[in-house]
Amino acid sequence: MSDGRIVVSGLTKQYRTVTAVDDLSFTVEPGRVTGFLGPNGAGKTTSLRMLLDLVVPTSGTATIGGHRYVDLPEPTRVVGAVLEASAAHAGRTGRNHLRANCIAAGLPLSRADEVLELVGLTPAADRKFKGYSLGMRQRLGIAAAMLGDPAVLVLDEPANGLDPEGIRWMRELLRGLAAEGRTVLVSSHLLNEMQALADDVVIVAAGRLVRQGPVADVVSSLSDGDHVEVFTPEPEKLRAALQGLGASVTADGGGSLAVAGVTAAVIGRAAHAADVVLHQLRTEHPDLEEVFLQLTHGKAAIR
Ligand SMILES: Nc1ncnc2c1ncn2[C@@H]1O[C@H](COP(=O)(O)OP(=O)(O)OP(=O)(O)O)[C@@H](O)[C@H]1O
Ligand SMILES: [Mg+2]
């Protein structure tokens, strides 16, 4: 497998009135799943299209394994892409659609059945595309992207239209492909899903880079760490009991307190010693969604 590092450098796309992508630079490493995140209109699709030579940049470059897409001698063997719910000839079966792609790319026809199996579409292989559900179309798109056994996979919102089982299937597939050493770059709005799927994130807003790095680092760099949600009918008594323990306590309303700086065990012990009744103790971990909203807040999505 060739080196599949993606390097985006100073990438810019100026449309007449909108700077869709504005001096964007980031890198995407092989062997990892990278989540490409940003509000609607942030420039994700435009960036991915420039990477794949479907849109000409105003300035800057995007390379895959050191080469621009146009300079790749056999692009389908290097990069597979799913940019939108795949389009195919309505009257063609899934298998025939993939076979046509094999012919166009100079690949053996047998690859069609292999990738159908990979995406779990074998039972629907001989049904016509027009009868495919949205999730089946997404799977067919991934199958087509995998035909050339590429080192790099680029997917724009691949979870669209997938049911919960489909989303889990996609997560396992993409994690497996990254574990084989491939580069997986995937855009999504599903932040909980991204936290489960991605190793790294690239967050953009209004065409610009906001943050890049391992998910855990990005989340912890901006959050104050865990806090404990405490439900008690005696909030003031508990607040007094926690004084002097280094806890910061804020009332959440509805009989709950948000306590930071101490663990649930410390709170439980303090409550017991002060004879305070507790109904619930719940440790809340900071999440990507919280951090994402914090990072992109106020950066006009629709420009
Ligand atoms: N062909 C075009 N002509 C003019 N403006 C465009 C064109 N393509 C994209 N834009 C604008 O560029 C900006 C970025 O769009 P883009 O589709 O890249 O965003 P996105 O991050 O993919 O958004 P979403 O999350 O909604 O898919 C938007 O303001 C959009 O209107
Ligand atoms: Mg988009």
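The values are calculated or read from the model by the stated rules, or taken from the named source; none is laboratory data. Keep in mind that what you see is a predicted model, and the values were worked out from it rather than measured. Cβ: placed from backbone, ideal geometry, glycine included. Neighbour counts: every protein chain shown. Just so you know, the surface numbers come from the protein's heavy atoms only, side chains and all, with ligands and any DNA or RNA stripped out. Shrake-Rupley method; radii C 1.70, N 1.55, O 1.52, S 1.80 Å.
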Exercise for review: Mind grabbing the base-10 log of I(q)/I(0) for the chain at q = 0.07, 0.09, 0.12 Å⁻¹? Debye formula, identical points on the C-alpha positions, no solvent, two decimal places.
Suggested key: -0.37, -0.56, -0.83
Review point. Taking θ as phi - 60°, what are the ³J(HN,Hα) couplings along segment 183-195 by the Karplus curve (6.51, -1.76, 1.60), each to the nearest whole Hz, with x for Gly and Pro?
Key: 8, 10, 10, 9, 8, 6, 9, 8, 6, 5, 5, 4, 5
Point to revise | Eligible aspartates and glutamates near LYS44 by straight Cα distance, threshold 19 Å, same-chain separation 8 or greater | key: ASP22, ASP23, GLU29, ASP53, GLU84, ASP156, GLU157, GLU193, ASP199, ASP200, GLU289
Check your understanding: Under a no-solvent Debye model with one identical scatterer per Cα of segment 131-182, what's log10 I(q)/I(0) at q = 0.14, 0.22, 0.24 Å⁻¹?
Key -> -0.35, -0.84, -0.98
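What does the charge dipole of the chain about its Cα centre add up to, to the nearest 20 debye, if the Cβ of each Lys and Arg holds +1 and the Cβ of each Asp and Glu holds -1? List each step's numbers first, then the result.
On the way: 29 positive and 34 negative charges, 236 e Å.
That gives the chain a dipole magnitude of about 1140 debye.
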Exercise for review: Please give the per residue accessible area of the chain, computed with a probe of 1.4 Å over protein heavy atoms only, in Å².
Suggested key: 48
Practice item. Provide the per-residue ³J(HN,Hα) series for segment 56-71, in order, calculated from phi with Karplus coefficients 6.51, -1.76, 1.60 and θ = phi - 60°, each as a whole number of Hz, with x at glycine and proline positions. Key: 8, x, 6, 7, x, 9, 9, 10, 10, x, x, 10, 5, 3, 4, 8
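As a test, work out the antiparallel percent of DSSP beta bridges whose residues both lie in the chain, rounded to the nearest 5.
That works out to approximately 65 percent antiparallel.
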Review point. Which residues in segment 65-80 have a backbone N closer than 12 Å to a point placed 7 Å from the Cα of VAL7 along the Cα-to-Cβ line?
Key: 65-68
Check your understanding: With the dipole of the chain worked out from charges on the C-beta (+1 for Lys and Arg, -1 for Asp and Glu) around the Cα centre, which of PRO30, ALA274, LEU140 lies farthest toward the positive end?
Key -> LEU140
Review point. Anyone know which of LEU281, LEU197, LEU121 comes out most mobile in the 10 Å Cα GNM of the chain?
Key: LEU281
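Over the chain, what relative contact order in percent results from Cα pairs under 8 Å that are six or more residues apart?
On the way: 600 pairs, mean separation 65.6, N = 303.
Relative contact order for the chain comes out at 22 percent.
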Practice item. Determine how many Å³ per residue the convex hull of the Cα atoms of segment 224-303 encloses. Key: 104
Revision key, fill the gap. Quick tally, 1.4 Å probe accessible area for ARG49, ARG111, sorted with the most first, runs ARG49, ARG111
**Study point:** Exposure of HIS97 as accessible area (Å², to 10), given a probe of 1.4 Å and all protein chains
**Key:** 20
Review point. Looking at the P(r) of segment 68-198, how many percent of alpha-carbon pairs lie beyond 19 Å?
Key: 46
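Could you sort GLU289, GLU234, GLU193 by their accessible area in this structure, using a 1.4 Å probe and putting the largest first?
Working: GLU289 85, GLU234 55, GLU193 25 Å².
So the residues, ranked largest to smallest area, are GLU289, GLU234, GLU193.
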**Study point:** Charge dipole of segment 84-130 about the Cα centre (unit charges at C-beta), most positive-ward option of CYS102, LEU118, GLY91
**Key:** GLY91
Revision key, fill the gap. Longest principal axis of the chain (C-alpha) makes with the long axis of helix 94-105 (C-alpha) an angle, in degrees to the nearest 10, of 70
Study note, to complete from the structure: Expected sort for 135-142, 268-275 on mean C-beta neighbours within 10 Å, highest first, is 135-142, 268-275
Check your understanding: Taking θ as phi - 60°, what are the ³J(HN,Hα) couplings along segment 74-84 by the Karplus curve (6.51, -1.76, 1.60), each to the nearest whole Hz, with x for Gly and Pro?
Key -> 10, x, 5, 8, 9, 10, x, 9, 10, 8, 8
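Hey, what number do you get for the chain at 222 nm if only DSSP H runs of n ≥ 4 count, each worth -39500 (n - 2.57), divided across all residues, to the nearest 500? Write out the running numbers ahead of the final one.
Details: 11 runs with 104 residues, N = 303.
Mean residue ellipticity, 222 nm, calculated: -10000 deg cm²/dmol.
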Practice item. For GLU172 paired with ALA273, estimate the spin-label separation in nm (one decimal), with each label point 7 Å from Cα along the Cα-to-Cβ line. Key: 4.8
Check your understanding: For segment 206-254, which semi-axes, largest first and in whole Å, follow from the square roots of 5 times the eigenvalues of its Cα gyration tensor?
Key -> 35, 13, 9
Review point. How many nm is it between the label spots at GLN294 and GLU236, if each spot is 7 Å from the Cα in line with the beta carbon?
Key: 3.2
